[in-house]
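Here is the structure we will look at.
Each value in this text was obtained by applying a stated rule to the coordinates, not by laboratory testing. Computed from a prediction, not measured in an experiment: that's the story for all the values here. Glycine gets a Cβ as well: all are built from the backbone with ideal geometry, and neighbour counts include every protein chain shown.
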Amino acid sequence: MPLSKQLGLSLLAVLILVFIGTLWINVNNTRDFVAQQLASHAQDTATSLGLSIAPYAAEPDDLPIVDTMMNAIFDRGFYQSMVLRDANQQILIEKQNPSSVEGVPAWFSKLLPINTPQSITDVNDGWTMAGTLMVQSHPGFGYQQLWQNAVQSFWMISAVFIGALVLLYGLVTMITTPLLAVVKQADRISKQQFEQISRIPRTPELKRIVLAVNRMSAQLAKLFTQLTNQAERYRDHSYKDTLTSVANRRAFELAFEQLLTDGEQHSQGYLLLIRLSSLSEVNNEQGYQAGDEYVKLVSQELQNLLAQPTLNGTLYRISGADFVILLEDTAQQPCITFTQAIIAQLNAVERSEYRLGTAHVGVGSFSFGDSRTDILERADNALAGASVTTQRWQLAHQQDVLHSNTQWRTQLNTILQQNQADFVAQPIKDMQGGILYAEWFARFSTGEAEHFLPMGQLVPASVRLNYAQKLDELLIASALTKLIDHPQAIGLNVSRLSLSQTSFHQWLLHAVPDDKATCARLVLEVPERALVNGTPDLARLIEQLKDRGVRITVERFGAQLAAITHLRKIRPDYLKIDGRFVRNIHNEPDNQLFVQSLVNIAHGLNIQVIAEMVESEAEAKCLQELFVDYLQGYYIGKPTDTKV
């Protein structure tokens, strides 16, 4: 039972006892007083009347006079009975009034009976006793007085009781409100929500408790901010260009190498090599400060162009005059349109001192399995060609081995009509070999034995042709069908584009089973970029899924530290560190520091950490020393056919 109820009920019980006791004592004392007054009244009447009738009581002929005198007093209605007896105790005159009482409830008379005593006096005729007179007061007057007093006392004590209840409520509220605020603040602190209690109680003891909790919250918030800033400094120092604040060559090499070797994502897209054609002349003729302004101008314009929500691109500065933009999952025509927009914008800000032009662009495509050297060489050759053309950009020539959009649309429609998918599973294990869950990767047969469609081309095609949501819905529905009879937990990837659609949110909530035991075996992996570009609807969706028992993993984490601020809102169960920071980590001190800072932040938020793309024992051992909780990769376990 809550403390507020315990205090309230305890004090209420005390008040009720005080109310009943006070009322009973008051009424009972009044009853005793009335009984005494009635007894005194009867005795006085008996004495005075006895003296008055004494001269006539001894003579029988004078009894009418006595009767008249007794009637004069008895008819006033204050007496229950009057009895005159002779010396032999024979009744000479007797008068009785009914015992009913007007205006007083019968239950009250029974609850508090008034016993009126009989007052007896001797009637003497000189020295001879002529008889006795008995007088008994009527209790009606007493009951009326007692009833009026009880009613008045009841209302007065009730008013005091109600006032006491109001004061009691205020007292309990004054005590429990700060305590409840402290409890809620403690819960928020456990969730790394370091807010302050704004209402400070005036009671000194409660005030000290609230202020102490506020100080603790402020200190923990400061510590968490320091951890976040430390991680950001590590990243800036290792992976950010100091002049333009964009990613540097080291970050480009890590990211590009992952794109080309990531067997899970099968990424494809285009690399744009952008060279500041006039930088050398500006440095020589106007000084390095002017050259730095030139570099920052171009960098800012490129960042503005990349801010378009439809683009999935990242800007890098790989040398003094060279920038690179990686466009993931982008078709040729959108890439060309974007390249032309770059040239148009840079031409618009061109100055007279840029005699060789602001910049030239060489474009080369890439896909999973390509060589980084070959791609850069193609882009560099295209850049050389662009430097002698008026349009200032050129696309590297290569044979197109990908399906056309028409072919892919037909293939996607066929897949959707079949309404089923096959999966392979790769386990995620802890350091002792226990399986956390298995990530399921979809595959679709080409119709030939042991031949499957290239997912590295299928997924980008689905994005390009607006089939991404339908494909996600198919894969999730197929996996949920298999999950019902599957004993282990499974993980499913959800694309960023699907997560941005409200219609997908509604479909997913309808598709996920209500059975919490089944939901507990489902882990949804959402990309980090979805958090950065997410909406309140996404946070609401994740909250609803977690309420049903579904676990959430944020994958490819670490590329954008801005996502850290969103972790406290959505409270995922796991973070999967981007493979670019895991590859060869035992030989990369910068990556070790960065991963360790991410692990500290995640553990501070009660979130467990997964490292993907672990390919060697040395990497696994290093990650264990950095307190990573779980590992995934070919060294841990290769993808295998799912078994229902």
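Take every DSSP beta bridge whose two residues both sit in segment 321-442; close to 70 percent of them are antiparallel. Exposed loop sites, defined as GluC sites (Glu not before Pro) outside DSSP H, G, I, E and B with at most 15 other Cβ atoms within 10 Å, are absent from the longest region of the chain, namely 451-644.
Note on the chain: dipole from Cβ charges, positive end direction compared against VAL34, GLN391, HIS603; the farthest Cα belongs to GLN391. Put a plus charge on the Cβ of each Lys and Arg, a minus charge on the Cβ of each Asp and Glu, and nothing anywhere else: the dipole of segment 492-644 about its Cα centre is then about 420 debye.
For segment 3-162, a crude dipole built from +1 on the beta carbon of Lys and Arg and -1 on the beta carbon of Asp and Glu, taken about the Cα centre, is about 1180 debye to the nearest 20. Summarising the amide proton neighbourhood of PHE452: residues at separation of 5 or more, or on other chains, whose placed amide H is nearer than 5 Å comprise THR446. For LYS184, a cut-off of 15 angstrom between C-alpha atoms picks up these aspartates and glutamates, skipping any fewer than 8 places away in its own chain: GLU195. Since only VAL282, LEU211, GLY131 are under comparison, the one whose Cα sits farthest along the positive direction of the charge dipole of the chain, derived from C-beta charges on Lys, Arg, Asp and Glu, is VAL282.
Each of PHE557, ALA477, SER498 was scored by the projection of its Cα onto the charge dipole of segment 456-564, and the greatest displacement toward the positive side belongs to PHE557; charges sit on the C-beta of Lys, Arg, Asp and Glu.
The H on the amide N of HIS360, modeled in the peptide plane, is under 5 Å from the matching H of ARG275, SER277, each at least 5 residues off or on a different chain.
Pairs spanning more than 31 Å between alpha-carbon atoms, out of LYS222/LYS429; LYS222/LYS546; LYS296/LYS569; LYS296/LYS621; LYS240/LYS569: LYS222/LYS429; LYS296/LYS569; LYS296/LYS621. Most simply put, the chain has about 70% antiparallel DSSP beta bridges, counting only bridges with both residues inside it. Placing +1 on each Lys and Arg Cβ and -1 on each Asp and Glu Cβ, with no other charges, gives the chain a dipole about its Cα centre of roughly 920 debye.
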